[in-house]
1. What are the pairs with Cβ atoms under 9 angstrom where one residue, in region 78-99, is among the charged types (D, E, K, R) and the other, located anywhere, is surrounded by 14 or more Cβ atoms within 10 Å (Cβ to Cβ) and part of a helix (DSSP H, G or I)? Sequence gap at least six, or different chains.
2. Of the residues that make up region 43-64, is at least one modelled with pLDDT under 90, surrounded by 12 or more Cβ atoms within 10 Å (Cβ to Cβ) and either aliphatic (A, V, I, L, M) or touching a His at 6+ places or on another chain (Cβ under 9 Å) (or both)?
3. Of the residues in region 93-115, how many are surrounded by 10 or more Cβ atoms within 10 Å (Cβ to Cβ), in a loop (DSSP other than H, G, I, E, B) and among the small types (Gly, Ala, Ser)?
4. I want to confirm something. Restricting to region 121-135 and keeping residues that are among the aliphatic types (A, V, I, L, M) and in a helix (DSSP H, G or I), which single residue is nearest to residue 79 (Cα to Cα)?
5. What are the pairs, 6+ residues apart or on separate chains, where a residue within region 1-20 that is without any contact (Cβ under 8 Å) to a residue 40 or more places away in the chain and outside any helix (DSSP H, G or I) has its Cβ under 7 Å from a residue that is of a type outside the set (Lys, Arg) and surrounded by 11 or more Cβ atoms within 10 Å (Cβ to Cβ)?
6. For residues in region 103-130 being out of contact with any Lys or Arg (no Cβ under 9 Å at 6 or more places or on another chain), among the aliphatic types (A, V, I, L, M) and without any contact (Cβ under 8 Å) to a residue 40 or more places away in the chain, which is nearest to residue 83 (Cα to Cα)?
Amino acid sequence: MKITVEFDNEAEFKSRIKNPRGGKDDNDTPETGNKAPSPILPPVQQSMQQPGAFQPSAGPAFSPPSGGFPGMPAGDPAVTAIVNRIVTRIDGAIASGQPVDQALNWFRGQCGPDAANATMDQIKTVFLHKLAMPTLENIAKLMNA
């Protein structure tokens, strides 16, 4: 396969010898149409006082749903009272040097398979509240709470 290249004049030939890919010479002047576009700047941040801007104080204050959040304890006073006694006893035992891991593993077993990976805070705030009252009474009895 043979390729033939033709040039219109000697100047075009010489320019191709200097720059075979057809780019600009050192003698060429830059063209104004080939400039890179200017960078896009981020929008100017609006003041909090402008209309339509986010205003955290506008609107009613947040209040949780009337029955509590889904999955969270409903707030039975008897359950809350016994859980508070148990949590106080847990905190006292840990403060006196009881190994946290040992207590955590025991509570995970008492709270069931859902609590298998729970932290101590999750045990105290969520899983104890979900237990039936007889189970809570048994835990409190075992802990002298």
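1. 85/140; 85/143; 89/140; 89/143; 91/124
2. Residues of region 43-64 modelled with pLDDT under 90: 43-64.
From the residues that got through so far, the ones that are surrounded by 12 or more Cβ atoms within 10 Å (Cβ to Cβ) too are none.
No, region 43-64 has no match at all.
3. 1
4. So the first thing to find is which residues in region 121-135 are among the aliphatic types (A, V, I, L, M), and the list is 123, 126, 128, 131-133.
From what is left, the residues that are in a helix (DSSP H, G or I) are 123, 126, 128, 133.
Working: 123: 14, 126: 12, 128: 9, 133: 7 Å.
Among those residues, the one meeting the criterion is 133.
5. Correct list of pairs: 7/13.
6. We begin by selecting, within region 103-130, every residue out of contact with any Lys or Arg (no Cβ under 9 Å at 6 or more places or on another chain); these are 103-106, 108-110, 113, 119-122, 124-126, 128-130.
Restricting the remaining residues to those that are among the aliphatic types (A, V, I, L, M) gives 103-104, 120, 126, 128.
Filter once more, keeping what is without any contact (Cβ under 8 Å) to a residue 40 or more places away in the chain: 103-104, 120.
Details: 103: 16, 104: 15, 120: 13 Å.
Here the answer is 120.
The values are calculated or read from the model by the stated rules, or taken from the named source; none is laboratory data. Treat the numbers as computed from the prediction; the structure is a model and nothing was measured. No Cβ is skipped: glycine too gets one built from the backbone with ideal geometry, and neighbour counts run over all protein chains shown.
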